[in-house]
Each structure stands twice: as structure tokens, then as C-alpha cells.
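What follows is calculated from the coordinates using simple rules that are stated; it is not laboratory data. This structure is a prediction, so every number in the text was calculated from the model and none was measured.
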Amino acid sequence: MAIVLEAITHVWFAGRMIPPGQVFSADDAFGKKLIQGGSAKVREAAAQEASVSPDEEERVKLEGLTVPLLKALAKKNDVNLSADDKKDDIVEKLIESGVKFDEDI
């Protein structure tokens with residue numbers, strides 16, 4: 001499955017340079033790496049394919065955050081975490097609690 005992304009920085013992809021602001025799609029694995037690296041962001045929901053579920057889109061956004069930011073988001077939304085929770089566990093708890101991606105953490 002592909003993720004619709006918007007370049008934040010110049011991205012070298014499929015033999016071409018994608019400038020900041022341009023919309024493109026990438027497979028899940030590569031898309032997540034670009035998001036985590038800060039080179040791209042998930043395109044707004046209105047511009048994405050209807051086949052992408054809101055939970056899946058939210059998961060991609062949350063997986064792009066660092067563990068400290070995820071913990072801050074959990075604290076802000078009163079989601080209980082244990083000391084041994086890994087990143088995947090934190091993301092899952094946030095999604096189960098209905099927490100949405102928040103740029104103001």
C-alpha cells in the first residue's frame with residue numbers, strides 16, 4: 001500500500017529530486033522512513049485515497065514521532081504508560097485511546 005506524502009525538504013525518490021511542497025506517494029516502509037527523518041509529512045486526509053482508514057493514517061503520523069514526543073502526547077491526554085512500553089506499544093495505546101496527532105506537544 002502507498003502513503004501520500006508532501007515533501008518538507010528535497011527528497012531523492014525514484015531517480016528524481018522532489019522539491020519541498022510537492023505531493024508524491026511512496027510505499028509504507030519508505031514513507032515511514034521519510035516521515036521519521038523529517039523529509040516528508042503525510043498529506044492532509046482530504047487529498048488521500050478513500051481506501052486509507054483514519055486509524056491507519058493516524059498510526060503513520062504517530063509512528064513518525066520520537067518516543068519522547070509520544071510520551072508527552074500520552075501525558076497530555078492522560079494515557080497511562082508503563083516504564084517498559086516500547087514505541088509500538090505507546091502508539092497502540094494512543095490509538096486505542098482515540099488520541100489524535102497533535103503538532104502542539
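Observations, loosely collected:
- Pairs exceeding 22 Å between alpha-carbon atoms, taken from Lys32/Lys76; Lys41/Lys75; Lys41/Lys100: Lys32/Lys76; Lys41/Lys75.
- Rounded to the nearest Hz, the phi-derived 3J(HN,Hα) couplings of the range 62-67 under the Karplus curve 6.51 cos²θ - 1.76 cosθ + 1.60 (θ = phi - 60°) are 5, 5, x, 8, 7, 4, where x marks glycine and proline.
- Estimated vicinal HN-Hα couplings, Hz - the range 89-98 in sequence order (Karplus 6.51, -1.76, 1.60; Gly, Pro = x): 5, 5, 4, 4, 5, 5, 5, 4, 7, x
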